[in-house]
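Down below is the structure, laid out as structure tokens.
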Amino acid sequence: MKLLNLVALVATTCAVQAQSVKVNGVVSHQTTQEPLAFATVSIKDQTIGTNTDINGKYEFNLKPGNYTLVYQYLGYKTAEKTIQVIEDKPLKVNMSLEEESIQLEGVVVEATRSKSRESALLLDQQKAAEIKQHIGSQELSRKGVSDVATAVTKTTGISKQEGSGTIFVRGLGDRYNSTSLNGLPLASNDPEKKNIDLNIFSTDIVEYISIDKAYSVKQYGDVAGANIDIISKKHHGNDFLEIGIGSNVNTNAIGESTFYSIADRNSFGFSNTKIPNNPLSSFSFNNSTQSEKRVPIGTSINVNGGKSFFFGEESSLDLFATVSFGNNFGFHEGLSGSVQAQDNYTKKLNRKVYEYSTNTTAMFNADYSINPKHNIKYNFLFINDSKEKNEQYNGYIRDTTSEELGAETLISRGTYRQDRLFVNQLLGDHEINEQLKFRWGTAFNSVSAQTPDRQQYTLNNNGSDSYAFSTNSRSDNHRYFEDLTENEFAANVALDYSFAKNSENLYKGKMTVGYNFRNKKRDFEATQFNFQIVNAHNKNINPLALDSFFNQDNFEKGYFRTYTFRGGAETKDALKPQTYTGDLDIHSGFINVEYQLSDRLSGVVGTRFETITQNVKWQTQLDNVGSENELTKNAFLPSLSLKYELTDIQNLRLAASKTYTLPQFKERALFLYEDITETKTGNPFVYASDDYNLDLKWEMFPTNDEVYSATVFGKYIQNPINEVTIASASNDISYVNTGDYGYAVGLEVEVRKNLISFDDAETNKITGGLNASWMKTYQELDNKKVADENPLSTSFTEENSSFTGASDLLINADLSYIKEWKEKSLIATLSYAYFSDKIYALGTEQSGNLVDKAFNMLDFAFKFNFNENFGISLNAKNLLNPSIERKQENKTQDVTVQSYKLGSNLSLGLKYTF
């Protein structure tokens, strides 16, 4: 009721506000007085802003009062002007901007410009010397996007693996991409992944995201798909405080009569479960084996604030902080199985998955401008992300289920994962003189990723209601503890030298010389406690009350015993965990030259040299004694980028480069990881790939917020690395260089256009966007090459294949209605995405490829601001709720091995700014 009263009060206040007054003008070049098209004009410390038209004209409707107008244009110095708006007196305010002393975009890094706005990012893309693609916070807000993983899929040629934050760029998965924050690398939170899970990054911390699919020598060379750089929000202007609250539901989860979650876990995602002191000689585990019941309604709260301090006429300190917490529930049910080449199921299970996730994010940054020539920034980021997954499988498993009529196997698996990320960054920009600029940055990142006390229990019945534990293997019933810590230190330094001043007193070129260093250390350990059940007491087990069996009393009675892979309580060092450690050192030097070859043609040429040392040590159940392996590589990495301005609004671009792809720590460590339907093991003999990249792009910018573009791309990969099933008794999955080469070719198109404008004076329009990517990927599969290079063998069903994870066709489309009047604004956006079939895993032993089938997604986002202080939002995601299916494409038929629906997600949010 209080909230309703607040809404009514705010709405009434808006209704009686003073009549708006028109403020307009022209933004022009200070010397030539030529109009500047697409310049940004905004109200300082407010969200109100616009862009000049092709003739440099802009217009606002403001209520009476005092304002500071901020004028920004890439390559020009930012200017401000204070005005007084008086009722019934239209005001004309013209502004001339002073040009920076550098001509190329790559040189004018000092130009301050709000890169959260779509129009500003499009102007960046147009003026850039190299191929760029961005998505900003304004566009993310308009589309109702809440995490970075989903955000990048809104751009051309990028898809996400369902149920994870793994990104595929132009058909290339995790190993081919890289992730950074403010230009400095991020550590991974997953022992199986190179990149950090982008799902854990809330868009609340994002100003914009840069997706660089064309390589530049300023980046580390271990990238062939894209480098995804998250640029964190910063504060400039008046002090503010913003509070937001929200609630969300998943239609599947809320439709369950009882929602079962993992017991004894902290609802805020801060659990700290340790291995008990005497786990082999007693039963003293902390968490219950049974599930808890919850009401599946999610909540969220976030607080943002900014404050500025001024020291004298030149110095200022801008502070920004944000803290947020949110949780979500999910549920899906469907088929999960595995199939032989002869179409027979070896496992055919009905799978129910109850999911609960939390995310706590805190970010603080300080931007200290000593004077116009010297600036220092500090960024701190903390993320705590937790995921609970309570899985229930029941049905047929060839190795455990009885042949009797009505018999079934029941598997209960509860997994809790908690990831903590700490990021500390310190960066500086210094103008030594007109020609020399020095930039530096350091980062220390720390990741703690834990899977504490994962539980799995396997039971059988023989057609009755009576269950007994499976005793085929001790590991059928177990508790598992996993702990990963990864610390990373990175440092960047670069010196820019501008040269070749022309008759207009502008520099035609810039040379950048730089050095990058990166050191990554990973420590990983895991212990699994397997239960050996005594058959004499293995009867009449209640699957919903396993605490009645697994307890200290039954342990003392001898009903079961606990073992690790090393042995039981009587075995020396039985509690010693499986471990592997990884060390990575990269030293890089680069030189990059940008030059304006003519009025229309500019180019960027660079070269980078890297020395890489990757060392992995392990002691695991596959190698109890322990061993180590070192990989070294010297990489010479050239790149070239050309830009030809066909007209003032059209560019033709060409980019070519060489890069490489490293295997990851876990892929080279002899470590065994077991899941319900697959087992993975490392291979010390896998080695790096070399990548050759080519892009040709045409782009046109009809207005400041419209773009048409088309890109043809190609990638050639020598010795590509793949995850494959090896020929063995257990058909484990491992990692090998599967052939001599592979390639990807494709076409990307993008259209962003204003479709209908209902009002010339105020924003009242319908806009639309469409991007699509078509690609073909190919790689040879060579069993002989694998056997010659590795102490293991493969038996590929086919001699060639597409890349795993590559969809041939990706489509994103959105339609938005935007209306702004007085202090009110309304945005409604419908977003559509389509992903065609993609290979999940390559077929072996005459079995067909596992293929994730095509599906569609439809989302709706609605935002309404009652005034500059109060707003409301409504999001509806996955409205079509398609079936997510995986099929094994055998020679005789396609057999479904996985099928489920995610349900739709509905959320409501309120925001108030003080």
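Overview of results
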item: Ala828 aliphatic (A, V, I, L, M) and either within 29 Å of Glu139 (Cα to Cα) or surrounded by fewer than 17 Cβ atoms within 10 Å (Cβ to Cβ) (or both); result: yes
item: Among the residues listed as Leu670, Leu654, the single one being surrounded by fewer than 23 Cβ atoms within 10 Å (Cβ to Cβ) and in a loop (DSSP other than H, G, I, E, B); result: Leu670
item: Wholly within the range 843-889, strands (runs of 3 or more DSSP E) carrying at least 1 residues that are over 30 Å from Thr794 (Cα atoms) and under 23 Å from the mean Cα position of the chain (by Cα); result: 855-865, 870-877
item: Scan of the range 867-886 for residues that are buried (at least 19 other Cβ atoms within 10 Å of the Cβ) and either free of Cβ contacts under 8 Å to residues at least 24 places away in the same chain or of a type in the set (A, V, I, L, M, F, W, C) (or both), ordered by number; result: Phe870
item: Considering residues of the range 557-584 that are within 39 Å of the chain's Cα centre (by Cα) and of a type in the set (D, E, K, R) only, the residue farthest from Thr620 (Cα to Cα); result: Asp583
item: From the options Ile209, Ile196, Ile205, Ile158, residue that is buried (at least 22 other Cβ atoms within 10 Å of the Cβ), outside the structural domain of Asn875 (by TED's automatic domain parsing) and within 20 Å of Lys877 (Cα to Cα); result: Ile158
item: Scan of the range 477-510 for residues that are β-branched (Val, Ile, Thr) and over 25 Å from Leu672 (Cα atoms), ordered by number; result: Val493
item: Candidate set from the range 391-444 (those that are of a type in the set (Lys, Arg) and in contact (Cβ under 8 Å) with a residue 40 or more places away in the chain); member that is farthest from Gly337 (Cα to Cα); result: Lys437
item: Answer from Lys658, Lys715, Lys680 - the residue that is basic (Lys, Arg), over 17 Å from Phe803 (Cβ atoms) and modelled with pLDDT of 90 or more; result: Lys658
item: Residue that is nearest to Glu750 (Cα to Cα), among those in the range 158-211 that are assigned to a loop (DSSP other than H, G, I, E, B) and at pLDDT 85 or above; result: Asn177
item: Asp705 vs. criteria acidic (Asp, Glu) and assigned to a strand (DSSP E or B); result: no
item: Conditions (1) within 21 Å of Leu792 (Cβ to Cβ); (2) out of contact with any helix residue (DSSP H, G or I) (no Cβ under 8 Å at 6 or more places or on another chain): number failed by Pro663; result: (2)
item: Options Asp264, Asp318, Asp343: the member that is without any contact (Cβ under 8 Å) to a residue 40 or more places away in the chain and either under 33 Å from the mean Cα position of the chain (by Cα) or not in a strand (DSSP E or B) (or both); result: Asp264
item: Among residues of the range 495-511, those that are part of a strand (DSSP E or B) and without any contact (Cβ under 8 Å) to a residue 40 or more places away in the chain, counted; result: 1
item: Test: residue in the range 553-561 that is under 24 Å from Asn462 (Cα atoms), assigned to a strand (DSSP E or B) and aromatic (Phe, Trp, Tyr); result: yes
item: Criterion (acidic (Asp, Glu), assigned to a strand (DSSP E or B) and within 16 Å of Asp675 (Cα to Cα)) met by exactly one of Asp419, Asp429, Asp453; result: Asp453
item: Asp222 being closer than 29 Å to Lys853 by Cα, of a type in the set (Asp, Glu) and in a loop (DSSP other than H, G, I, E, B); result: no
item: Failed condition for Gly330, given (1) farther than 30 Å from Gln528 by Cα; (2) at pLDDT 90 or above; result: (1)
item: Filter result for the condition that a residue is at pLDDT below 90, in a strand (DSSP E or B) and farther than 24 Å from Lys887 by Cβ, over Glu820, Glu750; result: Glu820
item: Qualifying residue in the range 116-128 (condition: modelled with pLDDT of 80 or more and crowded, with 24+ Cβ neighbours inside 10 Å); result: no
item: Check on Phe320, of a type in the set (A, V, I, L, M, F, W, C), in contact with a strand residue (DSSP E or B) (Cβ under 8 Å, 6 or more places away or on another chain) and within 27 Å of Leu241 (Cβ to Cβ); result: yes
item: Filter result for Thr797 (out of contact with any helix residue (DSSP H, G or I) (no Cβ under 7 Å at 6 or more places or on another chain) and at pLDDT 90 or above); result: no
item: Subset of the range 697-715 that is within 25 Å of the chain's Cα centre (by Cα) and free of Cβ contacts under 8 Å to residues at least 60 places away in the same chain - its residue that is surrounded by the most Cβ atoms within 10 Å (Cβ to Cβ); result: Ser709
item: Gly514, sole failed condition from (1) free of Cβ contacts under 8 Å to residues at least 40 places away in the same chain; (2) under 30 Å from Leu184 (Cβ atoms); result: (1)
item: Residue list for the range 637-648, restricted to those being surrounded by fewer than 18 Cβ atoms within 10 Å (Cβ to Cβ) and either of a type in the set (Lys, Arg) or outside any strand (DSSP E or B) (or both); result: Asp648
item: Among the residues listed as Ser338, Ser288, the single one being hydroxyl-bearing (Ser, Thr, Tyr) and either modelled with pLDDT of 90 or more or on the phi > 0 side of the Ramachandran plot (or both); result: Ser288
item: Any hit, the range 296-311, residues being part of a loop (DSSP other than H, G, I, E, B) and surrounded by fewer than 19 Cβ atoms within 10 Å (Cβ to Cβ); result: yes
item: Top-ranked residue of the range 565-584 - restricted to ones that are of a type in the set (Asp, Glu) and surrounded by fewer than 15 Cβ atoms within 10 Å (Cβ to Cβ), ranked as farthest from Ala526 (Cα to Cα); result: Glu570
item: Among residues of the range 554-589, those that are of a type in the set (A, V, I, L, M, F, W, C) and touching an Asp or Glu at 6+ places or on another chain (Cβ under 9 Å), counted; result: 2
item: Residue check for Leu792: among the aliphatic types (A, V, I, L, M), touching a residue at least 12 places away in the same chain (Cβ under 8 Å) and not in a loop (DSSP other than H, G, I, E, B); result: no
item: Cβ pairs under 6 Å, 6+ apart, first in the range 46-71 and surrounded by fewer than 17 Cβ atoms within 10 Å (Cβ to Cβ), second among the basic types (Lys, Arg); result: Thr68/Lys44
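The values are calculated or read from the model by the stated rules, or taken from the named source; none is laboratory data. Given the structure is predicted, the values throughout are model-derived calculations rather than measurements. Positions of Cβ are backbone-derived with ideal geometry, glycine not excepted, and every protein chain shown enters the neighbour counts.
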